[in-house]
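The values are calculated or read from the model by the stated rules, or taken from the named source; none is laboratory data. All values derive from a computational prediction rather than experimental measurement. Side chains are part of the model used for accessible areas, which takes the heavy atoms of the whole protein and leaves out ligands, DNA and RNA. Shrake-Rupley method; radii C 1.70, N 1.55, O 1.52, S 1.80 Å.
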Amino acid sequence: MRKNVTGAVLQLALLVIGIPVVYLVAFPFGLTAKSLLPPLGLLAGLVVGGVMVKKTEQPVSGPLTGWLVFGAAMTLALVL
């Protein structure tokens with residue numbers, strides 16, 4: 001039960017932290033390929049996290065994978 005709660009908190013944190021970060025990073029650039037990476041990364045992170053939770057026995061691994069996908073998109077946007 002504790003792992004389920006931890007996984008849910010991590011998934012919620014991805015939303016709570018991810019949405020303001022997306023606004024801060026993406027929208028000052030206008031509508032460009034670079035500005036689309038953070039929102040797409042957040043969406044992909046949420047989807048991948050949800051899929052991973054259903055496919056594995058470890059409820060925490062899904063949200064952690066979602067954070068990894070979101071972090072990779074943010075890094076790519078900042079590098080470009």
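Ranked from largest, the principal axis spans of the Cα set of the chain equal 43, 19, 16 Å. Averaged over its residues, the chain has an accessible area of 64 Å² per residue, based on protein heavy atoms and a 1.4 Å probe.
Helix 33-55 and the longest principal axis of the C-alpha atoms of the chain enclose an angle of approximately 10°. What a 1.4 Å probe finds exposed on the chain is 77% carbon and sulfur by accessible area, rounded to a whole percent.
Restricting to Cα pairs below 8 Å that are 6+ residues apart, what does the relative contact order work out to for the chain? Please round to a whole percent.
Working: 99 pairs, mean separation 28.3, N = 80.
Value for the chain: 35 percent.
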